[in-house]
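The values are calculated or read from the model by the stated rules, or taken from the named source; none is laboratory data. Predicted model only: the values in this text are computed from it and were never measured. Here the Cβ positions follow ideal geometry from the backbone for every residue, glycine too, while neighbour counts run over all protein chains shown.
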Amino acid sequence: MRTLVTGGAGFIGSALVDRLLAEGHEVDVVDDLSTGTLANLAAARQLDAPLTFQGMDIRVPELIEYVQRRRPQVIFHLAAQTSVVESVRRPIFDADVNVIGSLRVFEAALGAKCPKVIVAASGGSLYGESPEGAPPLTEEASQAPSSPYAISKRAMIDYLRSYQRLFGLEFSVLALANVYGPRQRFSSEGGVVSIFAKQLSDGAAPTIYGDGLQSRDFVFVDDVVDAFIRAIDRGDGDLCNISSATEVSVRALYDEVARTLGCAIDPIIAPARAGELRRSVLANDHAARVLGWRPFTSLSEGVAATVASLGPR
Ligand SMILES: NC(=O)c1ccc[n+]([C@@H]2O[C@H](COP(=O)([O-])OP(=O)(O)OC[C@H]3O[C@@H](n4cnc5c(N)ncnc54)[C@H](O)[C@@H]3O)[C@@H](O)[C@H]2O)c1
């Protein structure tokens, strides 16, 4: 199948490219390399595989003509401004990439008669706080996007619903929890597993903000990629949480990474950061029903793979 991946040089996008090629699909990557790198595609580019790379900003009008030429049968839309902090600093830029850029991708899909777009949304920021003691949040939970990033990502979903009704463009939305794994940038906001792993393996003490009991739902990148693949022919018009449905405190995560590395370094404890969620955990039963998807990588396996990807110490 001819496929196109926006953001294909990024952390999740490049893992998706690897899997698509392994399954025999043709892949065109569109990426402006603003946060992604060609190094993420190095292994894929070494294969004798049908992969092309187009260095292009998704916001430019030329995207439409480019996609029309490539004629993908499905578009995976992962290119985005992904930083909450940056979205607060530059809300217009955030909306430009995440709203206008996404609309450009949807217009390109229509222009190329591509029947389906599968997009990466943000589960954590879409729903906001998971109430203490409550079960993991389902897709029916009330939505409370508060940062400009959360709002622009939510607007993308609203536009998709509108494009489906008005123009018949099919879609699936994957609302991702905290994704982690090899190739995640150490500098990325959500990249706490990579940050802990890199600092501990360098012999440095990572910082934990607050009491360390704030919790997240960590889902391994290969599991997330599997959900994107399943959405090619399932989950039309639907939104699915892609999560582990397991709550892990930042302190427990730290201990897991330290144990994997055989390190006994104590973290630096710093004051809690304003605006950070206390608890975020998402149910994944809907993805099981709709996509036949369940996460298959345990936290210890995923942490071990992330640590191994850093190479020998
Ligand atoms: N990592 C997570 O935990 C997480 C959680 C929820 C949602 N997501 C979403 O998943 C997607 C991928 O995120 P990631 O973690 O791989 O981030 P990433 O920064 O590694 O990937 C984003 C990619 O998009 C490219 N890009 C950015 N702006 C672009 C533009 N204007 N034109 C073309 N390319 C552009 C970047 O160069 C990069 O390669 C994003 O849509 C993000 O919002 C990620």
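Okay, here's what the table says:
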read-out: Subset of the range 16-33 (residues that are free of Cβ contacts under 8 Å to residues at least 12 places away in the same chain and either under 16 Å from the mean Cα position of the chain (by Cα) or in a helix (DSSP H, G or I) (or both)); value: A22
read-out: Helices (runs of 4 or more DSSP H) within the range 195-313 that include 1 or more residues at pLDDT 95 or above, among the basic types (K, R) and within 22 Å of L78 (Cα to Cα); value: 221-230
read-out: Qualifying positions in the range 39-53 - in a helix (DSSP H, G or I) and touching a strand residue (DSSP E or B) at 6+ places or on another chain (Cβ under 7 Å); value: L41, A44, R45
read-out: Complete set of residues in the range 41-61 that are of a type in the set (G, A, S) and closer than 13 Å to D31 by Cβ; value: A44, G55
read-out: Selection count where residues are surrounded by 24 or more Cβ atoms within 10 Å (Cβ to Cβ) and more than 20 Å from A15 (Cβ to Cβ), scope the range 201-245; value: 0
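Condition check ((1) within 14 Å of the ligand (Cβ to nearest atom); (2) surrounded by fewer than 18 Cβ atoms within 10 Å (Cβ to Cβ)) across all residues:
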position: E23; (1), (2): no, yes
position: D32; (1), (2): yes, no
position: A39; (1), (2): yes, yes
position: Q46; (1), (2): no, yes
position: L51; (1), (2): no, no
position: D57; (1), (2): yes, yes
position: Q68; (1), (2): no, yes
position: H77; (1), (2): yes, no
position: A80; (1), (2): yes, no
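Table: residues versus (1) under 18 Å from G237 (Cβ atoms); (2) within 22 Å of the chain's Cα centre (by Cα); (3) without any contact (Cβ under 8 Å) to a residue 40 or more places away in the chain.
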{"site": "E62", "(1), (2), (3)": "no, no, yes"}
{"site": "Q81", "(1), (2), (3)": "no, yes, no"}
{"site": "A109", "(1), (2), (3)": "yes, yes, no"}
{"site": "A120", "(1), (2), (3)": "yes, yes, no"}
